[in-house]
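S.K.: Here's a structure for you.
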Amino acid sequence: MTSYNHVEARSVLRSPHVAAAWSIALTSIVLQVGGMTSALGQQPAESVEQGATPMDQIDLTNPQPGQPLVPVPVEPEKKSPFFDDAKISAQARTFYLYRDKYDDSISEAWALGGSVTFQSGYVANRFRVGAAAYTSQPLYGPDDRDGTLLLAPGQEGYSVLGQIYGEVKFTDQLFGAFGRKEYNTPYINKNDARMTPNTFEGVSLYGKSGGKGGAPEWRYGGGYITKIKERNSDEFVSMSVDAGASVERGVYVAGANYLQKDFSIGAVNYYSDDIINIFYTEGKYAPSLGDKYKLKLHAQFSDQQSNGDDLLTGTAFSTHQWGVKADLAVDAALLTLAYTDTADGDTMRNPWSGYPGYTSVQVQDFFRAGESAVMLKAAYDLSNHLKGTSVYALWVHGSGVAAPNFNEDEVDLNLQWNPDKGGAMRGMSFRLRLAQVNQRGGGDPDITDFRFIVNYDFPRP
């Protein structure tokens, strides 16, 4: 490998193509309608990386679309719940990504797209349907710079009916679903960090109990997931094929999370016959430190093993990773310290989602065999100076990787602005992300990853 040329990187970022992308992207926010949603939202109260789903946020239900299809009230005796309680939303996103990799190859694209989501009301208070269509189209995408995952392979645009499902309401707290839809769990989730999310095909049962009046809350769910549509694809393929096997297998998933005031703990298991078994558990605790300081402590453990005929790799494998994290909020600042450690047996895998590890960041996951990593992160809410603005910087130091591989460091910078929700630009968000990965050894090459994202959600009435 050759050393990375920083002067070349700066010249690329200042090239006419990139300058044009900046200009058109800033202009297009005035012309667009639609928007993509919370995955690129305001900095959360804890340091959850974009694309990851913490255990206490496990959710097999579908999010509610933003607007009622019929906003005008209907007289009760004339009401048709399927149509009159239906909701529809439309969103749009423009996304530019530039990545210069270790081998000096470049991935670059700029895309424009969005989604339209529909969800009916319940028929007889028992059954409803939903659907979501997605698209991502190239605004700029040289053939020799493929690989950003903003577009389909070959820098091609795509459109897909990514969700079409039925939901059965058994009780007010127990539901079932079948068809194609979103799921959000640590290892099967939408990973909405490009233009369109992952969606899945299967059947599921999910619900919750308790949680009222300070009572403990249980959230639980399970099902059998047969296929996945990757985030830059218009096709659904078998879960095992997507993981890398040559046979078709689905995934059985079951999990639950317990929440009591400032404490939560949960676990989920994923089993694909002859392919892989993944077990994940995570706990959180927020001890009281008074009004000025807020501390949240996290711990996680993930175990991965082949099973049956070992059809994923052809040989048996077994590995695990554990991690701890502390988030300390002080007024408008959030300070994070995290550590993860991966067993020597094998590299961890995340075949169907963003990886849930605490040191998984913008570019690298820091989950190679034998790798330990420490992360320092500082985030600050600048709303007192510029409303809706937040910034963070982080550094991850990885070590312990055996030759012939090399250890790495990653530095990420993030600037985000969500304009005033009551103003003319409500529903918009702007985000700049820059990552630099430095390899320690092998000529010390770098990876530079730059992203600019604009989202717009239809304002609700």
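S.K.: Across the range 285-296, which residue is surrounded by the fewest Cβ atoms within 10 Å (Cβ to Cβ) among those that are under 24 Å from Gly266 (Cα atoms) and of a type outside the set (A, V, I, L, M)?
M.R.: Here the answer is Ser288.
S.K.: I need the full set of residues from the range 297-335 which are over 26 Å from Ser399 (Cα atoms), open to solvent by 60 Å² or more (accessible area, probe 1.4 Å) and in contact (Cβ under 8 Å) with a residue 40 or more places away in the chain, in order please.
M.R.: Hit for the range 297-335 is Leu311, nothing else.
S.K.: Can you name the residue in the range 195-224 that is out of contact with any Phe, Trp or Tyr (no Cβ under 6 Å at 6 or more places or on another chain) and not in a strand (DSSP E or B) and is also most open to solvent (accessible area, probe 1.4 Å) among such residues?
M.R.: Among those residues, the one meeting the criterion is Lys212.
S.K.: OK, next. Within the range 103-134, can you find the residues that are of a type in the set (Val, Ile, Thr) and surrounded by fewer than 22 Cβ atoms within 10 Å (Cβ to Cβ)?
M.R.: Answer for the range 103-134, where residues must be of a type in the set (Val, Ile, Thr) and surrounded by fewer than 22 Cβ atoms within 10 Å (Cβ to Cβ): Ile106, Val116, Val123, Val129.
S.K.: Considering only residues that are open to solvent by less than 30 Å² (accessible area, probe 1.4 Å), in contact with a strand residue (DSSP E or B) (Cβ under 8 Å, 6 or more places away or on another chain), in a loop (DSSP other than H, G, I, E, B) and over 15 Å from Phe301 (Cα atoms), which ones fall in the range 336-354?
M.R.: Pro351, Trp352
S.K.: Additional query: Determine whether the range 102-115 contains at least one residue that is over 18 Å from the mean Cα position of the chain (by Cα) and within 30 Å of Phe170 (Cβ to Cβ).
M.R.: No; the residues of the range 102-115 include none that is over 18 Å from the mean Cα position of the chain (by Cα) and within 30 Å of Phe170 (Cβ to Cβ).
S.K.: Which members of the range 249-276 meet the condition of being in contact with a helix residue (DSSP H, G or I) (Cβ under 6 Å, 6 or more places away or on another chain) and either in a loop (DSSP other than H, G, I, E, B) or basic (Lys, Arg) (or both)?
M.R.: Matches in the range 249-276: Arg249, Gly250, Ile275.
S.K.: Right, next: Is one or more of the residues making up the range 234-241 under 19 Å from Pro356 (Cβ atoms) and at pLDDT 95 or above?
M.R.: The first filter runs over the range 234-241 and keeps only residues under 19 Å from Pro356 (Cβ atoms), leaving 239.
Remaining after also requiring at pLDDT 95 or above: 239.
Yes, because at least one residue in the range 234-241 is under 19 Å from Pro356 (Cβ atoms) and at pLDDT 95 or above.
The values are calculated or read from the model by the stated rules, or taken from the named source; none is laboratory data. For clarity, every value in this text was computed on a predicted model and none was experimentally measured. Every residue, glycine among them, receives a Cβ derived from its backbone with ideal geometry; neighbour counts consider all protein chains shown. Ligands, DNA and RNA are excluded from the accessible area calculation, which covers all protein heavy atoms including side chains. Shrake-Rupley method; radii C 1.70, N 1.55, O 1.52, S 1.80 Å.
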